[in-house]
Amino acid sequence: MKRSAAALCAALFLLTGCGGGEDDDAKENIKASLLEQEESSVAGGAELTEEQADCFADGIVDEVGVDKLQEYELLNDDLEIAENAEPTDMSKDDAEAMAAVMTDCVDMTELIEEQLAASDTELTEEQQSCITDAIDEDAIEAGLAASFQGETDNPMEEMTGQLMACVMGDMETPSE
């Protein structure tokens, strides 16, 4: 009995693999590709940290899966990020999962604030506070999911208008 239990455990170990095979390869390839990019589309043109790239690679493979990432032409046959990959035909569930991974891995508030601070525009403390208050991570996530589905409605439209108002000096309090 002990021998058959040990054999079953060994068989299960071999079937599940010593890593994860295709998933692990895809995760490593995605991470490496993201770290090679000077400007990542995942982070709105900013360079990703190793931690962010790792989070994103693990998240999209775990949440969407290699087969679907290939179906959406995000990964090629070599499990590498496809050149010029811009999904617009994802299912609602996959699009929402991918958007959630992106917003979980990259602090969008910090990213937007850094991008605006890096622009040539000098922002007052009041403008910076207005920007922080206007950023709506739920709207960003919804906007990303919509774009992955090819939808033309922009769930970020109101937030974008509020951000522009902040930058232009029209400091109305963003709606809650």
**Prompt:** Restricting attention to the stretch 9-19, does a residue exist that is modelled with pLDDT of 85 or more and part of a loop (DSSP other than H, G, I, E, B)?
**Reply:** no
**Prompt:** For PRO87, which of the numbered conditions (1) closer than 27 Å to ASP23 by Cα; (2) of a type outside the set (Phe, Trp, Tyr); (3) surrounded by fewer than 12 Cβ atoms within 10 Å (Cβ to Cβ) fails to hold?
**Reply:** (3)
**Prompt:** In the stretch 20-57, which residues are outside any helix (DSSP H, G or I) and at pLDDT 80 or above?
**Reply:** GLY21, LEU48, THR49
**Prompt:** In the stretch 60-105, what count of residues is obtained for those that are of a type in the set (A, V, I, L, M), at pLDDT below 90 and farther than 28 Å from ASP136 by Cα?
**Reply:** 3
**Asked** Here are ALA146, ALA82, ALA134: which of them is surrounded by 13 or more Cβ atoms within 10 Å (Cβ to Cβ) and within 19 Å of LEU34 (Cβ to Cβ)?
**Response** ALA82
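The values are calculated or read from the model by the stated rules, or taken from the named source; none is laboratory data. Keep in mind that this is a model prediction, so the values were computed, not measured. Counting neighbours? That spans all protein chains shown, and the Cβs are built from the backbone with ideal geometry, glycine included.
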